[in-house]
1. What is the one condition in (1) small (Gly, Ala, Ser); (2) closer than 20 Å to residue 332 by Cβ; (3) not in a loop (DSSP other than H, G, I, E, B) that residue 250 does not satisfy?
2. Can you find even one residue in the range 232-249 that is small (Gly, Ala, Ser), within 57 Å of the chain's Cα centre (by Cα) and surrounded by fewer than 20 Cβ atoms within 10 Å (Cβ to Cβ)?
3. If you go through the range 227-240, how many residues are farther than 15 Å from residue 307 by Cα and not in a helix (DSSP H, G or I)?
4. Is it fair to say residue 166 is modelled with pLDDT of 50 or more and either over 21 Å from residue 288 (Cβ atoms) or not polar (S, T, N, Q) (or both)?
5. Just to be sure, is residue 302 more than 24 Å from residue 218 (Cα to Cα) and touching a Lys or Arg at 6+ places or on another chain (Cβ under 8 Å)?
6. Can you spot a residue in the range 209-232 that is closer than 16 Å to residue 278 by Cβ, in contact with a His (Cβ under 7 Å, 6 or more places away or on another chain) and modelled with pLDDT of 90 or more?
7. Suppose we filter the range 196-226 for residues that are part of a loop (DSSP other than H, G, I, E, B), charged (D, E, K, R) and either in contact (Cβ under 8 Å) with a residue 40 or more places away in the chain or touching a Lys or Arg at 6+ places or on another chain (Cβ under 6 Å) (or both); how many remain?
Amino acid sequence: MWRYGMIVLILLVKISHQQDLCSQTILENIAHMIDARLSELDIRMNHISSTLNEVVVKQEKMSNHLEDKLPQLLELIGEKILYHLEEKLPYLLEENLKDHMEVKLSNHLEENLFDIDASIQDAIAKQDSSNQDLSHLQDNQSAYLDEHFSVVNKTLSQLESALERVKDDVAIIKNVTEKIELEAITFEENQNITSVLTRKECPESDGFFWSAGGNQCMKAFLDSGRSWADGKSLCKSQGLALAEPHDAVALQKYLVERYGGGKYYWVGGRKSGSTFKWRRGGGELLSTSPLWWTDYPMTGNYHCLVLGVAAHNFAKNQRRPYWNADCSRTNGHYLVCEVYNE
């Protein structure tokens, strides 16, 4: 019997233990459910708190907006509200003064706010229209200015072209004037010495020739290899002098026709300061003279005068006979002497 009692006791203990386990599980589940509900409540409370904060912020913004608009509203309401208050003062003194005042003031404020908003929209529309008109005006003015500047620039360009043409004409006139002056001086000198030269012999059989106009008896020496000083000495040894031609263009033409091109002849001019001067006659050959070959006179150590009959570019320089060269140069240089009276 005692064995059955032990078995029953063991079964009761197991049953009690299982009941404790079930109770513990149930309690744990209940605790979890409570925690879940509490978490859900916290979330909802946070959401409600956030919503309340937003409402408070909006109310503050609305309050600030109303405070900003209050001076304008008061100015717009002005005497109209005061008159209305005076008219309704007996009624306002009744028991429902506060409620009636709040309702009427709220309605009036709403009406004025609507009018203010409409006025603002109308002002914005007028401003947009003014901006468009101003933009069109600026575009038209810009187009007018562009056209005006184009005309001015075109006129300036025409004036600059005309000025360049005038400068060219002045340069041509200056060159012609210098040439006329030089020819006048040459003519005067020729008149002074013609009577002397015509009494001199100018034997062509000995290589002499008369220059254009028949007033200078000259001789060309075609054995090259002499410097300007050597040429001067040779002329002097023959009782002559380095030529100082009265008509260099005619002399250039004669030398080309008689002896051919590609030759350079020493003549009596030498540099003194910034000009070339004739040693005996005392005349000058200015750097602006039209008798210079293209790109001459050259700067540097080129102090002696040459009458050039070069082969290159002769066609465009056949009326520009003079060069300047180094006085010590000998290669390819000849000389022209003339008869003169001391």
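The values are calculated or read from the model by the stated rules, or taken from the named source; none is laboratory data. Predicted model, so just to flag it, every value in this text is computed and none were measured. Backbone-built Cβ (ideal geometry, glycine too); neighbour counts: all protein chains shown.
1. Result: residue 250 fails condition (2) only.
2. So in the range 232-249, the residues small (Gly, Ala, Ser) come out as 233, 237, 239, 241, 243, 248.
Going one step further and asking which of them are within 57 Å of the chain's Cα centre (by Cα), we end up with 243, 248.
Next cut, surrounded by fewer than 20 Cβ atoms within 10 Å (Cβ to Cβ) only: none.
No - not one qualifying residue is present in the range 232-249.
3. Going through the range 227-240 one residue at a time, the tally reaches 3.
4. On the way: modelled with pLDDT of 50 or more: yes; either over 21 Å from residue 288 (Cβ atoms) or not polar (S, T, N, Q) (or both): yes.
Criteria met by residue 166.
5. yes
6. yes
7. First, the residues of the range 196-226 that are part of a loop (DSSP other than H, G, I, E, B): 198-203, 207, 211-216, 222-226.
Going one step further and asking which of them are charged (D, E, K, R), we end up with 199-201, 223, 226.
Still in the list and also either in contact (Cβ under 8 Å) with a residue 40 or more places away in the chain or touching a Lys or Arg at 6+ places or on another chain (Cβ under 6 Å) (or both): 200, 223, 226.
Residues meeting the conditions: 3.
Residue-by-condition table, conditions (1) modelled with pLDDT of 90 or more; (2) under 46 Å from the mean Cα position of the chain (by Cα):
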residue	(1), (2)
260	no, no
268	yes, no
282	no, no
293	no, yes
296	no, yes
307	yes, no
322	yes, yes
326	yes, yes
